[in-house]
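Accompanying notes for the structure given below.
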Amino acid sequence: MNDIFEKEYTINFFDVDSEHKCKFSSLGDFLWDVIISQSDSLGETKEGFAQNNCIWVLLKYDITIYEYPKLRDKITVQTKVLGTKKFYGYRQNTIKNSEGKVIGEVFSTAILIDFEKRRPMRISSEQSEIYGLKKELD
């Protein structure tokens, strides 16, 4: 399995502020969309919901933006699973402009929640295998 999943986005009019720079909230939408797209493509989720009555809930993003894209720019957002520990999943995202220059770096933490019980749920070995993970993080 390829560790990195990527998706290209075009910065549209509704994604920019009055100075035609991409809004922070739009970048956040792209970051979450690429994560859900990877999970859907691997079969862990269907439209963002896991097949075993669980859902990933974002807890924290550590975001560094070096340069904001502008209207009509094309960006590529990459995501890579770093590992898991009990209920938590850790990822790294990279945002690149059309020339391949890194314009943003992100580390995120999400928690797996049992959708019916509304409680944290331990990440199963089957879910870890989907992402090519051998064991939990130390």
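With a 1.4 Å probe and every protein chain left in place, work out the accessible area per residue of the chain in Å², rounded to a whole number.
Accessible area per residue: 61 Å².
How long are the semi-axes of the equivalent ellipsoid of the range 20-138, taking √(5λ) for every eigenvalue λ of the Cα gyration tensor, in whole Å from largest down?
After scaling each eigenvalue by five and taking roots: 28, 14, 13 Å.
For a quick size check, give me the Cα extents of the range 5-64 along its three principal axes, largest first, whole Å.
Principal extents (Cα only, largest first): 44, 22, 18 Å.
Quote the Stokes-Einstein diffusion coefficient, in whole µm² s⁻¹, for the range 40-100, based on the Kirkwood radius over alpha carbon pairs, a temperature of 25 °C and a viscosity of 0.890 mPa s.
Here the translational diffusion coefficient equals 173 µm²/s.
Under 10 Å, Cα contacts only: if you run a Gaussian network model on the chain, which one of I65, I111, I75 comes out with the highest mean-square fluctuation?
Comparing I65, I111, I75 in the GNM, the peak value goes to I65.
Quick one: compute the contact order of the range 41-121, relative version, from alpha carbon pairs under 8 angstrom and 6+ residues apart, as a percent.
34 percent
Given a cut-off of under 8 Å on Cα pairs at least six residues apart, what relative contact order in percent is computed for the range 1-85?
After rounding, I find 51 percent.
Within the range 50-138, which trypsin sites (Lys or Arg not before Pro) sit in a loop by DSSP and count at most 10 neighbouring Cβ atoms inside 10 Å?
Within the range 50-138, the qualifying trypsin sites (Lys or Arg not before Pro) (loop, at most 10 other Cβ atoms within 10 Å) are K101, K117, R118, K134, K135.
Against the longest principal axis of the chain, how steep is helix 24-42, in degrees 0 to 90 to the nearest 10, with axes from Cα atoms?
Tilt relative to the chain: about 40 degrees.
Hey, got the dipole for the range 1-85? About the Cα centre, +1 on K and R Cβ, -1 on D and E Cβ, debye to the nearest 20?
Roughly 100 debye for the range 1-85.
Using a 1.4 Å probe over the heavy atoms of the protein chains, calculate the carbon and sulfur portion of the accessible area of the chain as a whole percent.
Accessible surface attributable to carbon and sulfur in the chain totals 50 percent.
The values are calculated or read from the model by the stated rules, or taken from the named source; none is laboratory data. Computed from a predicted model, the values in this text were never measured in an experiment. Positions of Cβ are backbone-derived with ideal geometry, glycine not excepted, and every protein chain shown enters the neighbour counts. The accessibility values were calculated without ligands, DNA or RNA, using every heavy atom of the protein model including side chains. Shrake-Rupley method; radii C 1.70, N 1.55, O 1.52, S 1.80 Å.
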